[in-house]
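One structure is given here, and the rest of the page talks about it.
The values are calculated or read from the model by the stated rules, or taken from the named source; none is laboratory data. The structure displayed is predicted, hence computed values, not measured ones. Don't worry about glycine lacking a Cβ; one is built from the backbone with ideal geometry, like all the others, and counts go over all protein chains shown.
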There are 2 protein chains.
Amino acid sequence: MAEPMYRMIAQDLLEKIQSGTVRPGEQLPTELELRDSYSASRNTVRDAVKWLATRGVVETRPGQGTFATQRIEPFVSTLSADPETGLSGMEGAGWLSEVSGRGRAGMASAPRVEVRVAPRYIAERLHVAEGTQILTRQQERYIDRTAWSLQTTAYPMELVAQGATRLLMAEDIPEGTVAYLRDTLGLKQVGHRDRLLVRPPDENEVRFFKLPDDGRVSVVVVVRTGYRTSSEGLVPFRVTFTVFPADRNQFVINYGCVPGGEPPGPAEG
Amino acid sequence: MAEPMYRMIAQDLLEKIQSGTVRPGEQLPTELELRDSYSASRNTVRDAVKWLATRGVVETRPGQGTFATQRIEPFVSTLSADPETGLSGMEGAGWLSEVSGRGRAGMASAPRVEVRVAPRYIAERLHVAEGTQILTRQQERYIDRTAWSLQTTAYPMELVAQGATRLLMAEDIPEGTVAYLRDTLGLKQVGHRDRLLVRPPDENEVRFFKLPDDGRVSVVVVVRTGYRTSSEGLVPFRVTFTVFPADRNQFVINYGCVPGGEPPGPAEG
DNA sequence: GCAAATTTGTTCGTATGTATT
DNA sequence: CAATACATACGAACAAATTTG
């Protein structure tokens, strides 16, 4: 008896789920039934169920029961620019076309526009003083009616003063803000940098994405900084934070010549 | 009493940790001490500690006690190629130079070379029949003596027959295999695709990276597929799976002209 | 090297609260 | 309102891992 009883019960239930004896979404026996069938105390079967819940194998609903979790069909976003349109899967129209191109229904909220002073983590990336006025545009995106990503882009208010007034409008800029700023101000983005990191979700993200309230499901944050040339060399002029729940998102980056079409399915190794 | 007692205890301990009253790595009071100071039963303080442990705030060590967790200093890997060397932060010498360039000590094991039949997920990506002979090279990488990533690259055995015999040697190819295959076989990689996904670690990964045995810390898998041209168009000729623990790794991708030097610090938004 | 003390881990039993049907 | 199912809380005992003397 190297393994404690609650682990053996958990293992047995896990096998029933992985083998398909209990299908995704299906209800497991109640705690009292499990107590009888495994001849253990209710607390012990609860330990087993909690072990599985922590690992995302089952979820418990008070008053209802314990259920095998459903896997969400992941969506693959292309971070590199489409060679045809020059848009990546993160910008307005590029995102929508990528979603519908995969036969899924995309929906983006109207941007929530705010003017505020730059917090430290934005000021650092825009190379402005902490407390400088900035403009943020926040958009919620849904795929197949499920919350999928949360995007916030920050610009220096300077750009609005220079004439990029559409940034202030709470409406989409379908051609993408990079193209808009180029056409309006002659501001050319000569390059950009993406930074990816994985962290536990904060409270807002748990609520918006309906994530389990333990930190089990992480979010991927893509920080995209756009650069232009100036007398001081390359300087940032916009930064975008996009938050993706890690359980329903994958990313693709293409370099040079690669075949088009569907990227391959999920990876094991 | 909206909040259950174990949550209030957990909240109180969390604040002590976040405010620095209990420093990272420091030991918390024992369960019996907590039971007395909160006037609760030992099982209830255990529920509180477990709630914190699930979220990675504390870790418990049998026979020792409960400790506030230490954050690992993340390492940032550049996925895009260095404009100077043409190497990315994932290939042999490119990786080492990126690590030492940040003032950290990198160490890579000698590759473990294996010849085997292609499992499905590799066969799919190399566009060969399941069961075809392939060559895999697996390397373990350490930073500051901590296990940092696990990389496996698969090639069709065909390449060895054509003369790329150094692939069979259990030793590094410092110039990178892409350059080696080009110089030896004239095989030119015209592009590649990276696919990133986040998933819970498997048993091997938990052991190698010393991750907590619940699925709390995920791993990031970077699947890199290299393409060459042939009479049938673009075809894959190598695929690399690199596994990174998400708690100690970040990624950067540069497009076009971007400033060099240190990328900015960790993100909040 | 061993024994004792300390600390967390497992398991039982029981009672009551809260959410859902 | 009643029945059902999970959630919280208490108490108790023994097991297993680690450190200390």
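Cβ separations smaller than 7 Å between residues 6+ apart or across chains give the following pairs from the range A:1-21 residues that are more than 13 Å from chain B (Cβ to nearest Cβ) to residues that are within 13 Å of DNA strand C (Cβ to nearest atom) and in a loop (DSSP other than H, G, I, E, B): A:Met5/A:Ala40; A:Ile9/A:Ala40. Filtering the range A:185-240 to residues that are away from chain B (no Cβ under 11 Å), in contact (Cβ under 8 Å) with a residue 24 or more places away in the chain and aliphatic (A, V, I, L, M) leaves A:Leu185, A:Leu187, A:Leu211. Only one entry of B:Phe237, B:Phe209 meets the criterion of being under 30 Å from B:Phe67 (Cα atoms) and surrounded by 14 or more Cβ atoms within 10 Å (Cβ to Cβ), and that entry is B:Phe209. Tell me, yes or no, whether the range B:160-179 has at least one residue that is within 14 Å of chain A (Cβ to nearest Cβ), free of Cβ contacts under 8 Å to residues at least 40 places away in the same chain and surrounded by fewer than 18 Cβ atoms within 10 Å (Cβ to Cβ). Looking for residues that are within 14 Å of chain A (Cβ to nearest Cβ), free of Cβ contacts under 8 Å to residues at least 40 places away in the same chain and surrounded by fewer than 18 Cβ atoms within 10 Å (Cβ to Cβ), one finds none in the range B:160-179, hence no. Look at B:Val113 and say whether it is in the same structural domain as B:Arg195 (by TED's automatic domain parsing) and surrounded by fewer than 16 Cβ atoms within 10 Å (Cβ to Cβ). Here the answer is yes, as B:Val113 does meet what is asked.
Could you please let me know if A:Arg137 is under 24 Å from the mean Cα position of the chain (by Cα), under 30 Å from B:Pro83 (Cβ atoms) and within 14 Å of another protein chain (Cβ to nearest Cβ)?
Working: under 24 Å from the mean Cα position of the chain (by Cα): yes; under 30 Å from B:Pro83 (Cβ atoms): no; within 14 Å of another protein chain (Cβ to nearest Cβ): yes.
No; evaluated as a whole, the condition is false for this residue.
Yes or no, residue by residue, for (1) more than 18 Å from the chain's Cα centre (by Cα); (2) of a type outside the set (Gly, Ala, Ser):
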{"residue": "B:Thr66", "(1), (2)": "yes, yes"}
{"residue": "B:Thr69", "(1), (2)": "yes, yes"}
{"residue": "B:Gly89", "(1), (2)": "no, no"}
{"residue": "B:Gly92", "(1), (2)": "no, no"}
{"residue": "B:Trp95", "(1), (2)": "no, yes"}
{"residue": "B:Glu98", "(1), (2)": "no, yes"}
{"residue": "B:Gly101", "(1), (2)": "yes, no"}
{"residue": "B:Gly106", "(1), (2)": "no, no"}
{"residue": "B:Ala118", "(1), (2)": "yes, no"}
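Please pick out the residue among B:Glu91, B:Glu98, B:Glu140 that is crowded, with 20+ Cβ neighbours inside 10 Å and in contact with a helix residue (DSSP H, G or I) (Cβ under 8 Å, 6 or more places away or on another chain).
B:Glu91
In the set (1) part of a strand (DSSP E or B); (2) within 14 Å of chain A (Cβ to nearest Cβ), the condition left unmet by B:Arg125 is number (1).
Just to check your reading of the model, which residue among B:Leu52, B:Leu79 is closer than 29 Å to A:Val221 by Cβ, of a type in the set (A, V, I, L, M, F, W, C) and more than 12 Å from DNA strand C (Cβ to nearest atom)? Answer to the selection: B:Leu79. Taken over the range B:167-184, the criterion of being more than 19 Å from B:Met90 (Cα to Cα) and in contact with a helix residue (DSSP H, G or I) (Cβ under 7 Å, 6 or more places away or on another chain) is satisfied by B:Leu168 alone. The set of residues in the range A:105-153 that are touching a Ser or Thr at 6+ places or on another chain (Cβ under 9 Å) and touching a residue at least 60 places away in the same chain (Cβ under 8 Å) comprises A:Pro111, A:Ile122, A:Arg125, A:Leu126, A:Glu140, A:Ile143, A:Ser149, A:Leu150, A:Gln151, A:Thr152, A:Thr153.
With the requirement that a residue be of a type in the set (Lys, Arg) and within 14 Å of DNA strand D (Cβ to nearest atom), what does the range B:1-33 give you?
B:Arg7
Is it true that some residue in the range A:232-243 is touching a Pro at 6+ places or on another chain (Cβ under 6 Å) and at pLDDT below 95? Yes - at least one qualifying residue is present in the range A:232-243.
Suppose the filter is in the same structural domain as B:Glu130 (by TED's automatic domain parsing) and at positive phi; does B:Gly215 pass it?
no
Within the range B:54-111, the set of residues being among the aliphatic types (A, V, I, L, M), more than 28 Å from B:Glu26 (Cα to Cα) and outside any loop (DSSP other than H, G, I, E, B) comprises B:Ala93, B:Leu96, B:Val99, B:Met107, B:Ala108.
Of all residues in the range A:180-206, exactly one satisfies the criterion of being exposed (fewer than 14 other Cβ atoms within 10 Å of the Cβ) and among the β-branched types (Val, Ile, Thr), namely A:Val190.
Okay, residues lined up against (1) in a loop (DSSP other than H, G, I, E, B); (2) under 37 Å from the mean Cα position of the chain (by Cα):
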site: B:Glu3; (1), (2): yes, no
site: B:Leu14; (1), (2): no, yes
site: B:Ile17; (1), (2): no, yes
site: B:Pro24; (1), (2): yes, yes
site: B:Glu33; (1), (2): no, no
site: B:Asp36; (1), (2): no, no
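Working only within the range A:75-117, note down all residues that are in contact with a Lys or Arg (Cβ under 8 Å, 6 or more places away or on another chain) and among the hydrophobic types (A, V, I, L, M, F, W, C). The answer is A:Phe75, A:Val76, A:Met90, A:Trp95, A:Ala105, A:Met107, A:Ala108, A:Val113. Does B:Pro174 qualify as being in the same structural domain as B:Glu98 (by TED's automatic domain parsing) and closer than 17 Å to B:Tyr227 by Cα? No. For A:Ala40, the criteria (1) in contact (Cβ under 8 Å) with a residue 24 or more places away in the chain; (2) near DNA strand D (Cβ under 10 Å from one of its atoms) hold in every case but one, which is (2).
The condition of being more than 18 Å from A:Leu211 (Cβ to Cβ) and buried (at least 16 other Cβ atoms within 10 Å of the Cβ) holds for only one of A:Thr54, A:Thr30, A:Thr44, A:Thr69, that being A:Thr44. All of (1) aliphatic (A, V, I, L, M); (2) within 16 Å of DNA strand D (Cβ to nearest atom); (3) under 25 Å from B:Val223 (Cα atoms) hold for A:Val57 with one exception: (3).
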